[in-house]
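J.: Got a structure here, written out as structure tokens. Questions coming.
The values are calculated or read from the model by the stated rules, or taken from the named source; none is laboratory data. The structure displayed is predicted, hence computed values, not measured ones. Don't worry about glycine lacking a Cβ; one is built from the backbone with ideal geometry, like all the others, and counts go over all protein chains shown. Heavy atoms of the whole protein, side chains included, go into the accessibility calculation; ligands, DNA and RNA do not. Shrake-Rupley method; radii C 1.70, N 1.55, O 1.52, S 1.80 Å.
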Amino acid sequence: MLDTLVFVTVLLPFLVAAVLLVLREQNLRKVILVATAGVLALASLAMLRGGAFIMSPAPLYDSLITLGDFVILFVVLFVGMKRKNQIIIWLTAAQIIALIWLDFFTLKEHGSVPAFFADDLSLVMVLVISIVGSLIAVYGIGYMKEHEEHLHLTKSKQPQFFFFIVLFLGAMNGLVLANNLLWMYFFWECTTLCSFMLIGHDGTEIARKNAERALWMNVLGGTAFLFGIILLQKIVGTLSLQDILARGPQFAVAGGAILVPMFLLVFAGMTKAAQAPFQSWLTGAMVAPTPVSALLHSSTMVKAGVYIIVRLAPVYAGTYFSNFVALFGAFVFLATACLAAGQSNGKKILAYSTISNLALIIACAGINTPAAITAAIMLILFHAISKALMFLCVGAIEQKIGSRDIEDMRGLFAVMPRTALVAIIGIMTMMLPPFGMLMAKWMAIESAQGQFLLMIMLALGSGVTVLFWCRWAGLMLGTPVAKGRPEAQDITVRAPLYILAGLAMVVSFFSPVVYNTLVAPVVAMYYKTVPYTLPYGNFDSKMGIFLVYPLFILLGLGLFFALRQARKVTAAQCSQPYMCGEQLTVDGKPGFLGPLNQYVPATAGNYYLAQFFGEEMLSRWINVIALAVLVIMLFGGAL
Amino acid sequence: MTKIILAVLALVAAPLLGALITGVDRRITAWLQSRYGPPILQPIYDVLKLLGKEPMVTNTWQAVCAYVYIVGAALSVVLLFTGSDLLLIFFVLTVGAVFLVMGALASPSPYSQIGGQRELLQMLAYEPLLILVFAAIAMVTGSFKVSAVYELSRPLLYDLPLMYIVLGYALTIKLRKSPFDISASAHAHQELVRGVYTEYSGPFLAMIEIAHWYEVILVLGLCALFWSTSVVGMVVLVAVTYLAEIIVDNVTARLTWRFMLKSAVGMGLALTVVNMLWLYAQ
């Protein structure tokens, strides 16, 4: 049974991907994709029911992984040479040499480390990847059809597109289940390659350029990863993640040498999670079709980065290095939230907010207390759902109105009432109680208590976050009379939107259950204490209390009552907006009566506070500071 | 059981008390401006009259937003009275504030739109300050729970004098009092068109007024926490603070949002750091 589940979640996507690559029949592709999505989702749930496990596949697979490593590295090297990118060439060459040395000269007992192991953290990740990721793949069917119609391609590139999408899911599942760090390295490189291919999918000049940037930054991370595990093997004498974690508390006391490989692995995680100064690859990745962005931002790629940082947190707990990780995370959280506030491009807002939220997860890993780790895992889960939802909404909106600028989404409710509502739900679940994202943020802030610098940055950052979400939600409602006609939408597009919106709310509602069954066991395993008790399903600790159900019930009732009252408003009670007595409405669009009785339409724009949050100006400083913190982290941590 | 009584008390008594305070506010303001001023119960008369009017909106979302605003404001007061978590109170308060802005942005009127944008700037200015104040309180009590404040043996004000100033700054912004009545003025003495409130009328405006009363009580309740050891101390502190707010409101002209943002963040951070250093030094 277990073999089958691991096979289904990890290997099956690779096989399906291969089939999709050669298959050119559209309907059959649709059937296979939907079926794979269903199977993946069910398998992840079944795996969750089975609980923790350790597994070693046949030795043959070990050789296949080694082969795979070299194949990927040579492909990357080839790309680097073709693009004449020195960084990629040299870093990949270094990796190839290091890997040959590790594989053929250093490692004696090659197959003795179990390839896979899963605890609740891995299982949460598998759920996120297999369910959220699959929904995005399904959405891709409807999206890509329209996308290619816009591009007027003579030959569909969808086989290649879905090949990498499905492969990506398998690689991510492999990554989070891997116990042998060499296996993890293989899947790590797989995700780098997949993201490179997907970002460059449209083949335009800018897509190629941004894909190349994503590649070199991730190759840098990959190199750090490989050298990290080589050092780890030297110091600890094993590549088994489980062994390393089990001995975590000893390392935390001993400190010193172990922190260098930890730094390298955490650094690799930071590049993958697009933290400053590497944020530009993720914002550049916005040129890709929306399902790619959604996938990169919610359930794959960047989540691999934070996964490794959270995963290793017990090993560096209690060190100065951990404090620096927290400081770095809090700084990037604040800085990228500011960048998000300065944007009017919807996808860019989402991108910066992703980086900001990932930074918060990293900050939590750095704070490294049971409550903070709980917050980190909760953030991974809820962010995946809500962010996927937001991206898919923006994709659907963009295809309908031809713009991803939030200024053009003014009054969207009149044009796309359903999608607008779903998007507003998505925004609400991102920033307001009683939803899970906010609860995790609450945990994060409370666990930063006592570290004032962290607290200040988290406080400022969360204030900025409210700004950019709130105005986006508000302006979508801005229609003269809010009665839109439901828009037509492909079922493969609509269903994922509805399911994700439902998940965002339902999983939040069951957050006490999620905590009890999925999060608390992980935390208890490494930290020996459980941060929260759950009287009546409310999160309670010495630090504070979060009332989940009272808030759900009272705010829910309030909203229900409000909606009922709003429904009572008749058309006769709808008036024209106030225009200082100079009202003139043309084609239902309110405006002013100007000089010579001319009609002057009323227009409004958001404040983007360019003087505070300008991208050009801020990015440079943010990169410098982030780089400085990284350098201090390396040296300060090792001391 | 006591919690339920407190919750009901908060729901019923808080708006009435808030209305009275607003009435007193108007009288004192009138006195400062050498006017006679309305009766103290005038805010209640106003709201009762508004409630009797026919509802009119430019957009049905405004109705939704008005109701959610009042629910958020009332709930945060209930949480404060029942000794819940300070951050949680803050987040619930944010729900109300967010919906107020969404309601303003839902109308295509430029006055309402600008009001909404400015209200967002006000939120951006006061939210970090409030979180910092709560964090400072947690530094002293070791917990974010309001109930922990009441277990202290001496008033918070002794340990956090500068944070009280930060709180006062945040509250001036939160209550939209001059010089920070940037998104809408509580009184009509500066603003002809009322920013975020522009498009609200009748019962929906009444809802917003009542929500405002709740917020006044919440704000004063937070001030009261700084003298949690005696009831007299609480009342005196709150009275003095509110009087100071009224005077500041009347002697200052509105400042620009740039000044508000820079000064709120700059001053807030500076005072916080100094107060924290002092706390550590003790």
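J.: If you take every residue apart from A:N345 with its C-beta less than 12 Å away from the C-beta of A:N345, what net charge results, scoring Lys and Arg +1 and Asp and Glu -1?
T.: Combined, the nearby Lys, Arg, Asp and Glu give -2.
J.: Could you give the Stokes-Einstein D for chain B in µm² per second, using the C-alpha Kirkwood radius, 25 °C, 0.890 mPa s?
T.: 128 µm²/s
J.: Right, something else. Can you list which of the trypsin sites (Lys or Arg not before Pro) found in region A:79-122 are DSSP loop residues with at most 13 other C-beta atoms within 10 Å?
T.: A:K84, A:K108
J.: Quick check: from the Cα gyration tensor, does region A:99-250 come out rounded (a/c under 1.5), prolate or oblate? The partial results should precede the final answer.
T.: On the way: a/c = 3.04, a/b = 1.87, b/c = 1.62.
Because a/c hits 1.5 or more and a/b exceeds b/c, region A:99-250 counts as prolate.
J.: From the Cα gyration tensor of region A:265-354, with a ≥ b ≥ c the square roots of its eigenvalues, which class applies: rounded if a/c is under 1.5, or else prolate if a/b is larger than b/c, or else oblate?
T.: oblate
J.: For region B:154-231, which GluC sites (Glu not before Pro) pass both filters: DSSP loop (anything but H, G, I, E, B) and at most 14 other C-beta atoms within 10 Å?
T.: Working: sites: B:E191, B:E199, B:E209, B:E215; in loops: B:E191, B:E199.
Listed in order of number, the matching sites amount to none.
J.: Could you pull out every whole DSSP H run in chain A that spans at least 20 Å of Cα extent along its own axis and averages 1.6 or higher on the Kyte-Doolittle scale?
T.: Working: long enough: A:26-50 (36 Å, 1.14); A:59-82 (35 Å, 1.62); A:86-100 (21 Å, 2.09); A:134-151 (25 Å, -0.03); A:158-177 (29 Å, 1.65); A:181-199 (27 Å, 1.48); A:205-236 (45 Å, 0.72); A:302-316 (21 Å, 1.35); A:320-341 (32 Å, 1.84); A:346-367 (31 Å, 1.27); A:370-401 (46 Å, 1.54); A:417-431 (21 Å, 1.53); A:452-477 (38 Å, 1.84); A:491-509 (26 Å, 1.78); A:548-568 (30 Å, 1.11); A:615-638 (34 Å, 1.49).
Those that clear 20 Å and a mean of 1.6 are A:59-82, A:86-100, A:158-177, A:320-341, A:452-477, A:491-509.
J.: So, in Å, what gap is there between the alpha-carbon centers of region A:26-87 and region A:204-221?
T.: Between the Cα centres of region A:26-87 and region A:204-221 lies a distance of 21 Å.
J.: Where does each of A:T533, A:T9 land when they are ordered by accessible area, with a 1.4 Å probe and the largest first?
T.: Working: A:T533 85, A:T9 0 Å².
Ranking A:T533, A:T9 by accessible area, largest first, yields A:T533, A:T9.
J.: What whole-number value in cubic angstrom gives the convex hull volume per residue for the C-alpha atoms of chain A?
T.: 165 Å³
J.: Related question: Quote the accessible area belonging to A:I491 in square angstrom, nearest 10, computed with a 1.4 Å probe and with ligands, DNA and RNA left uncounted.
T.: Accessible area, nearest 10 Å²: 120 Å².
J.: Now, a different point. Mind checking B:69-79 for the average number of partner chain beta-carbons within 10 Å of each residue's beta-carbon?
T.: Whole-number average of other-chain Cβ neighbours for B:69-79 is 3.
J.: Quantify, in whole percent, the carbon and sulfur part of the accessible surface of chain A (1.4 Å probe; protein heavy atoms only).
T.: Carbon and sulfur: 69 percent of the exposed surface of chain A.
J.: Could I ask something else about it? Sorted by mean Cβ packing within 10 Å, highest first, what order do the peptides A:509-516, A:55-62, A:309-316, A:129-136 take?
T.: Ranked by mean Cβ neighbours within 10 Å, highest first: A:129-136, A:309-316, A:509-516, A:55-62.
J.: Can you find, among B:P55, B:V8, B:Y36, the residue farthest towards the positive end of the dipole of region B:7-74? Put +1 on the C-beta of Lys and Arg, -1 on that of Asp and Glu.
T.: Of B:P55, B:V8, B:Y36, it is B:Y36.
J.: Other chains near B:140-153: what is the mean number of their Cβ atoms within 10 Å of each residue's Cβ?
T.: For this peptide, the per-residue mean of nearby foreign Cβ atoms is 2.
J.: Using +1 at the Cβ of each Lys and Arg and -1 at the Cβ of each Asp and Glu in chain A, identify which of A:L259, A:I425, A:L477 lies farthest towards the dipole's positive end.
T.: Projecting each Cα onto the dipole axis, the largest value belongs to A:L477.
J.: Cβ under 9 Å from A:K157's Cβ, A:K157 left aside: what net charge do those residues give with Lys, Arg +1 and Asp, Glu -1?
T.: -1
J.: Let me ask something else about it. Taking the Cα centre of region A:300-447 as origin, sum charge times position over the Cβ atoms of Lys and Arg (+1) and Asp and Glu (-1), and report the length of that vector in debye to the nearest 20. Intermediate results must be reported in sequence, preceding the final value.
T.: Working: 10 positive and 5 negative charges, 49 e Å.
Charge dipole, region A:300-447, about its Cα centre: 240 debye, nearest 20.
J.: OK, next. Assigning unit charges at the beta carbon (Lys, Arg +1; Asp, Glu -1) and nothing else, what dipole magnitude in debye, to the nearest 20, does chain A show about its Cα centre?
T.: The dipole of chain A has a size of about 620 debye.
J.: Let me know the longest stretch in chain A that avoids all GluC sites (Glu not before Pro) found in a DSSP loop with at most 16 other C-beta atoms within 10 Å.
T.: Segment A:110-486 is the longest.
J.: Of the trypsin sites (Lys or Arg not before Pro) in region A:476-544, which ones lie in a loop per DSSP and count no more than 16 other C-beta atoms within 10 Å?
T.: Counting only loop positions with at most 16 other Cβ atoms within 10 Å, the trypsin sites (Lys or Arg not before Pro) in region A:476-544 are A:K483, A:K528, A:K542.
J.: How well do other chains shield peptide A:435-445, expressed as the mean number of their Cβ atoms within 10 Å of each residue Cβ?
T.: Mean partner shielding for this stretch: 2.
J.: Ranked from the most accessible area to the least, with a 1.4 Å probe and all protein chains present, what is the order of A:V548, A:V79?
T.: The ordering from most to least exposed comes out as A:V79, A:V548.
J.: Nothing charged except the Cβ atoms of Lys and Arg (+1) and of Asp and Glu (-1): what's the magnitude of the dipole of region A:437-527 about its Cα centre? Round to the nearest 20 debye. Present the calculation step by step, with values, prior to reporting the outcome.
T.: Values: 5 positive and 3 negative charges, 52 e Å.
Dipole size: approximately 260 debye.
J.: To continue, here is another question. Between region A:116-158 and region A:428-448, what is the separation of their alpha carbon centroids in Å?
T.: So the separation of the two Cα centres works out to 27 Å.
J.: Going by a ≥ b ≥ c, the root eigenvalues of the Cα gyration tensor, does region B:1-129 fall in the rounded group (a/c under 1.5), the prolate group (a/b larger than b/c) or the oblate group?
T.: Cα axes put region B:1-129 in the rounded bin.
J.: Accessible area per residue of the protein assembly as shown at 1.4 Å probe, in Å²?
T.: On a per-residue basis, the protein assembly as shown sits at 35 Å².
J.: What is the local net charge at A:V124, summed over the other residues whose Cβ is closer than 12 Å to its Cβ (Lys, Arg +1; Asp, Glu -1)?
T.: Local net charge: 0.
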